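Notes to accompany the following structure.
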Amino acid sequence: MKVFTIKAKWRVRDIVPILMIFLLGLTSCANYERPLIADDIPEVVSLSEDLVPFFETSCAKSGCHATGSVPPDLTESNAYLSLTNGGFVNINIPEQSLIYTKINTGGTMEQFSTPRDTKVVLRWIEQGAENN
């Protein structure tokens, strides 16, 4: 009985395509931030539907901006009054609103928001910061 053995010789031209596919796969796993599309921002921003979910997950959930902690209190039941009565919103010059400058580029809370979140907050203030 004769046993056949196969000896594989790997040549550079055989390895290069495999290496390319592997490297391409790695780049697809990179942290990718979806580009901001104007359509992603609601025409009319709702405090309860658009901002409170952001505040709850990014600000209040950790306890930092929860009831009895660092102002403003951004929990669902207290966010509106805390922002509007606490001096965090400037409807005359929305870009100077403290809540906006804190989460905007260069602000101390920038790491907790996305560019979309920041634009939604600004639009809400521009629309009069209503309790909607």
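Throughout, read-outs are computed from the coordinates displayed, never taken from laboratory work. A quick note: this is a predicted structure, and the numbers were derived from the prediction, not measured. Cβ atoms come from the backbone with ideal geometry, glycine included; neighbour counts cover every protein chain shown.
What distance in nm lies between label points placed 7 Å from Cα along the C-beta direction at V44 and T84?
With each label point 7 Å from Cα toward Cβ, the separation is 1.6 nm.
Provide the FRET efficiency to the nearest 0.05 for the I93-S69 pair, computing r from the beta carbons and using R0 = 22 Å.
According to the calculation, E is roughly 0.20.
Could you work out how much longer the chain between K61 and E76 gets when fully extended? Use 0.36 nm per residue separation minus the Cα distance between them, nm to one decimal.
The K61-E76 span can extend by a further 4.3 nm.
What net charge is computed for the residues neighbouring S46, neighbours being all others with C-beta under 11 Å from the C-beta of S46, Lys and Arg scored +1, Asp and Glu -1?
Charge balance near S46 sits at -3.
Could you check the simple spin-label distance between R116 and I18, using points 7 Å along Cα→Cβ, in nm with one decimal?
4.0 nm
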